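The values are calculated or read from the model by the stated rules, or taken from the named source; none is laboratory data. Computed from a predicted structure; not experimentally measured. Here the Cβ positions follow ideal geometry from the backbone for every residue, glycine too, while neighbour counts run over all protein chains shown. The area values use the complete protein model at the heavy-atom level, side chains included, leaving out ligands, DNA and RNA. Shrake-Rupley method; radii C 1.70, N 1.55, O 1.52, S 1.80 Å.
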Amino acid sequence: MAFCGRVVALTSLSALLASGCGDGEERPFVPVAVHSAVGEVLTHRYDNARTGSFAGETLLNQTSVKQLRLSRKLPVDGELYAQPLVVQSAARTLVIAATMQNSVFAFDPASGETVWRLGADQELGTPAFSKRNIGGLHGILSTPAIDATTRRLYVVSRDCDPAFPPEAPSCVFRLTVVDVDTGLVDKQVTIQGAVASPSAGSSVTFDPNLHWNRPALLLSHGRLFVAFGSGPNGDLHEEDFVYHGWVFRFDTTDVERAPDVFCTTPSGRGGAVWQGGSGPAADESAVYLVGANGILSNTTHPPADFPAAPTGQEDSVFKLPISGPWPQPGEPVTQYADTRPYLVDGNVFQYMESGDVGFGSSGPMLIPGTNRLLVGSKPALVYLLESGALSPVQTPLSPFSELPLKPSHDFYLHGWWDIPPIYGAFVFHRPTDSAGDPAPYGLAFAWPSKDKLTSFRYDFVSGKLAVDRVAGAAALEGGGNLILSSEAGHPDSAVLWALSRAPGKPQPAGKLWAFDPMTLELLASADVPAWSKFTPPTVAGGRVYVPSTSNQPGTTQQLLVFGLEQ
């Protein structure tokens, strides 16, 4: 198909919207769609660019969304932090739900039938209990990924020996490859590995008892990427442990072969890769990730006590090649850290490190059709980077400045209880006109914790980002988990969806919102009995799949299905 004067291979409507043109800037094609059939959602946030945008929705639009109603309640056996996936199987649709009980359900959303279930009692192991951060049983936390060509589902579960107490567990992480049509296990391997430690002259070994697989899985070019951050055990906090950030790269043609292993802090501690649950992003050649704060004794020293720049990939955006050799400990890694002067006794990086208010809460998002990467942070600073060298394109934005600046502060960087963290990743939407031609701009969306839903305008000509508008929606603890649906980007079909806490109601009550992405006007909303932090809904085929689970007593564990059915 010819587009913007060149020939591109298009696999879906989303790919059409990914193609940039008009300014002469070199724009490597970023493959947006990873679904192979209409209505399929095979990975977290719809695509490997992590745009959170699905351009193949033909039934739900700004008019029909007002008739949306709850059509089914699909019972599950544990909390849902994994985003539901949707795949076509034979003549019907399957929605895949993975739980913290170490179960995977495949439902037929039309009939409500459980087509198959793979449970902890079969192959996936016994979850362990934790009180901190994500309380309750900890089994499958990350969003799985589906390869539509091989019909294989990849899922990571945490299997713990029940003879050990929660505060001192004995666990392993298992990668399980499942036939998505039948639920039968194809292969299963234990995730393990080590890297050299240049400072200690020894090695650093991955310890599954100290880590959680929080980011979604990534499938790209026959490789599976699995990332880990810190994970508290029992009633302890993760900063009590010697943890690191880890990334494993498996060859999907032979997952039993030892994976490539990368550690963010082989000469230190910390640098967790958790990204608010969002998966690593990928273009044709590289995988992009974010490392959280390092651990230097503890995180309460003045900024001047901390290094002026990272020693590893702590509080950094970094990238790894999809194929070929990985950087070894001590070798340079392409990365970005915010080392701008901030106060007399330090810089932004040092401040982030000392206060645990840095990168890590938000995953990277690639702007389709460009060489731009967008990422947020705990203090709600918004970074637009060039994806090649990971250099800043413009001064980071500080848009969420409802509190006054503190003395000697040049921009918004407050303490832990004042900041509005951006969790997960941005959502990106490029509108089209009535002829189907893409607009010269795109819109990016974030709903930080304790602040309001905000849109940003990205100009494809200048390659710059600016605040567009702020919604009247409430500023909520936890913010909103966003995704967007449209039919080929048509403005009257586009709906920005959010799942959040319910305003004015006690935990765990939640709310499903539908906004006009062009104006941020509220189109519709629905109450949800419970919500899972950081977990977005899934929209596909005229249905909205909403996890509604909680570890609080009396909560019903279920996947809600909203639709237009009578």
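Expressed per residue, the C-alpha convex hull volume of the stretch 340-390 stands at 76 Å³. For Arg223, Arg543, Arg158, the ranking by accessible surface with the largest value first comes to Arg223, Arg543, Arg158, using a 1.4 Å probe.
Note on Val172 and Ala475: their simple-model spin labels are 4.9 nm apart, each label 7 Å out from Cα toward Cβ. Local charge for Phe562 was computed over the other residues whose Cβ lies under 15 Å away, with Lys and Arg +1 and Asp and Glu -1, and equals +3.
Within the chain, all pairs of alpha-carbon atoms sorted by distance into 10 Å bins from zero give the percentages 4, 19, 31, 29, 14, 3, 0. The Cα atoms of the stretch 113-195 give a gyration tensor whose axes a ≥ b ≥ c have a/c of 1.5 or more with a/b greater than b/c, which makes the shape prolate.
Using Cβ point charges alone (K and R +1, D and E -1), the dipole size of the stretch 134-289 about the Cα centre works out to roughly 180 debye.
Remark: spin-label model distance Gln507-Thr149 equals 4.4 nm, labels positioned 7 Å along the Cα→Cβ axis.
All other residues whose Cβ lies under 14 angstrom from that of Gly277 are scored, Lys and Arg at +1 and Asp and Glu at -1, for a net of +3. Averaged over residues, the count of other Cβ atoms within 10 Å places the peptides 67-74, 42-49 in the sequence 42-49, 67-74, highest first.
Rolling a 1.4 Å probe across all protein chains gives Lys452 an accessible area of roughly 70 Å². Working note: Cα gyration tensor of the stretch 125-169, eigenvalues times five, square-rooted, sorted largest first, giving semi-axes of 28, 12, 5 Å. Taking all Cα pairs closer than 8 Å and separated by 6 or more residues, the relative contact order of the stretch 175-232 comes to 21 percent.
Measuring nothing but how far apart in sequence close Cα pairs (under 8 Å, 6+ apart) lie, relative to its length, the chain scores a relative contact order of 15 percent. Summarised as an ellipsoid, the stretch 480-538 has semi-axes of 23, 11, 8 Å, derived from the eigenvalues of the Cα gyration tensor scaled by 5 and square-rooted, with the largest first. Rounded to the nearest 20 debye, the dipole size of the chain about its Cα centre is 760 debye, using +1 on the Cβ of Lys and Arg and -1 on the Cβ of Asp and Glu. When you work out D = kT/(6 pi eta Rh) for the stretch 169-305 at 37 °C and 0.692 mPa s, using the Kirkwood radius from C-alpha pairs as Rh and the Stokes-Einstein form, the result is 204 µm²/s. Normalised per residue, the accessible area of the stretch 186-298 is 32 Å², obtained with a 1.4 Å probe and no contribution from ligands, DNA or RNA.
D by Stokes-Einstein for the stretch 298-400, Kirkwood Rh over Cα pairs, 10 °C, 1.306 mPa s: 109 µm²/s. An ellipsoid equivalent to the stretch 48-175, defined through the eigenvalues of its Cα gyration tensor, has semi-axes of 31, 17, 15 Å when rounded to whole angstrom and sorted largest first. Other residues within the sphere of radius under 11 Å centred on the Cβ of Ala337, judged by their own Cβ, net out at -3 (K and R +1, D and E -1).
Using a probe radius of 1.4 angstrom, the carbon and sulfur fraction of the accessible surface of the chain is 52%. Couplings for the stretch 101-112, taken from phi via the Karplus curve 6.51 cos²θ - 1.76 cosθ + 1.60 with θ = phi - 60°, read 7, 6, 10, 10, 10, 10, 9, 8, x, 6, 9, x Hz in order; Gly and Pro are left as x. About the centre of its Cα atoms, the stretch 44-197 shows a dipole size close to 520 debye [charges on the beta carbon of Lys, Arg (+1) and Asp, Glu (-1) only; nearest 20 debye]. Which of rounded, prolate or oblate describes the stretch 371-519 when judged by the alpha-carbon gyration tensor and an a/c cut-off of 1.5? Oblate is the answer for the stretch 371-519, as a/c is 1.5 or above yet b/c matches or exceeds a/b.
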